[in-house]
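The structure appears right after this line, and notes come after that.
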Amino acid sequence: MSETTRPRRVLIVTYVFPPVGGAGVQRSAKFVKYLPGFGWHGSVLTASNPSVPVHDASLSADLPDDTLIRRARTLEPSYEVKNLISTGGDTPVSGVARLPSWAKGAARSVVSKLLQPDPQVLWYPAAVKEGRLLLKSVPHDAVLATGPPFSCFLVAAALSRRTGLPLVLDYRDEWELTNRFQENKRFGPITQGLNRFMEHRIARMARVILATSDASARSLEAMRDRCGGRAPVHCIRNGFDPDDFTGDWPARDTTPERRYRLVYTGTLFSQTSVKPLVVAIEQLCLKAPSLGAHLEVVFAGRRTADQDALLGRLSGLPVEVTLYPYLDHTAAVGLMRSADLLCSILADAPGAARALTAKVFEYMAARRPILAITPPGDLWDVLEDYPAADRFLPSDVSGIAACLVRRIEARQSGAAEPSIVWDGTRYDRREQSRALAGVLSEIVRRPLGGC
């Protein structure tokens with residue numbers, strides 16, 4: 001096949017890929033699924049033994065059978081060992097748990113100073129080697145790195161330098177915000193400066209920068225200007241896959257006798273703190289315990305110890321609380337569709353308004369009412385056009401409580417639920433892949449700085 005007739009191909013460098021689980025995995029997996037429909041094929045360079053907290057084999061069903069995947073081994077220890085060292089926890093993990101606290105502290109200090117931009121940099125040597133072999137054996141037209149972790153950017157930049165292929169940086173989250181909010185990160189001035197240097201150096205190489213929200217795109221444009229880069233910044237949001245919402249689902253029980261079910265799916269940590277919701281439920285149960293007895297709250301996903309402690313405040317209240325660990329994607333979608341109300345949360349913290357949780361698009365696709373607790377920003381704006389979203393500032397605890405009261409009382413009165421009419425075409429994963437294919441085709445046609 002000649003160079004002019006063969007399908008275009010992009011190498012996607014991603015540390016997390018099926019069977020790894022989590023919301024961040026779906027973006028690259030859905031690109032691989034839908035790009036061929038727009039003239040591009042996605043190869044994947046990923047880790048063979050990723051040090052990650054969750055796995056989800058169901059996500060592999062999205063991948064075409066002929067997907068070209070290369071897996072390189074990382075030198076990281078298991079996630080359990082990394083987490084123990086990072087948190088100083090007491091959960092037994094082989095011989096590490098027997099280390100004295102001073103030794104764990106020393107290990108954390110070494111890791112935080114030497115493994116930059118993240119511990120996944122231990123994947124770098126094998127990943128670059130495997131990537132070079134792949135690019136030598138199979139013609140490609142571009143290299144796309146998605147992060148976090150941002151060591152993927154380092155791998156892709158090295159491959160771009162050695163092959164001359166254009167480099168695309170896909171920021172699922174901003175580098176600076178990830179370092180600020182990620183649990184257990186303890187960056188001092190030196191490590192902050194080193195991360196800034198690495199990001200700026202790679203951004204100057206980029207032919208295109210991708211963001212997942214409008215506010216993040218503006219922030220990345222400012223970063224690009226500071227570092228002297230020239231890459232255009234495009235916003236390609238996360239979205240939902242209509243294939244995940246097809247088929248028959250059990251009918252929901254909406255009789256007045258059944259508890260009103262509020263569901264949250266996703267990780268709870270400092271950037272998505274559940275505190276405003278917990279305080280609102282406490283207020284509701286204090287003022288109207290009979291209504292609290294008709295409320296069920298369900299949380300599914302990973303939670304930090306601080307968030308578990310906040311949820312512990314709900315014990316002893318008349319509300320029914322159900323806690324699940326991470327659920328595979330199929331189960332999570334089923335849980336969303338069983339909800340009377342879906343909850344999305346962003347903390348009122350510096351920079352949080354630039355974040356846009358990927359899960360909210362699936363919430364809308366589930367056609368369920370949404371309770372959004374968020375500062376003004378992209379999440380607030382995206383829900384502007386959704387006809388069944390109640391939005392509250394994290395500080396408006398009374399408003400959140402009043403919203404729950406109204407909804408529970410409506411259920412008890414037997415009021416019929418209005419149907420939700422919403423056109424989510426622009427958030428379809430196919431459309432996101434169409435946009436990416438257009439960006440890739442443009443940089444292949446036009447050199448950097450060209451017209």
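Throughout, read-outs are computed from the coordinates displayed, never taken from laboratory work. All values derive from a computational prediction rather than experimental measurement. Virtual Cβ from ideal backbone geometry, glycine too; neighbours counted across all protein chains shown.
For ILE69, nonlocal amide neighbours, meaning residues 5 or more places apart or on other chains whose placed amide H falls under 5 Å from its own, are VAL44. For region 153-247, calculate the relative contact order in percent as a whole number, restricting contacts to Cα pairs under 8 Å that are 6 or more residues apart. Reported relative contact order: 28 percent.
Charge dipole of the chain (Cα centre as origin; +1 on each Lys and Arg Cβ, -1 on each Asp and Glu Cβ, all else neutral): 1720 debye, rounded to the nearest 20. Test of the criteria: in region 231-328, which GluC sites (Glu not before Pro) are in a DSSP loop and have at most 16 other Cβ atoms within 10 angstrom of their Cβ? For GluC sites (Glu not before Pro) across region 231-328 that sit outside H, G, I, E and B with at most 16 neighbouring Cβ atoms in 10 Å, the list reads GLU257. Gain on full extension, evaluated as 0.36 nm per residue between ARG218 and ARG71 minus their Cα-Cα distance, stands at 49.5 nm.
Shape of region 246-423 from its Cα gyration tensor (a ≥ b ≥ c, root eigenvalues): rounded if a/c is under 1.5, otherwise prolate when a/b > b/c, or oblate? Taking the square roots of the gyration eigenvalues as a ≥ b ≥ c, region 246-423 is rounded.
In this simple spin-label model, placing a label point 7 Å from the Cα along the Cα-to-Cβ direction at both ALA61 and SER398 gives a separation of 4.8 nm. Straightening the chain between VAL321 and ASP248 buys 23.6 nm, computed as 0.36 nm per residue apart minus the Cα-Cα spacing. Put the Cα centre of region 1-78 next to the Cα centre of region 205-243 and the gap is 21 Å.
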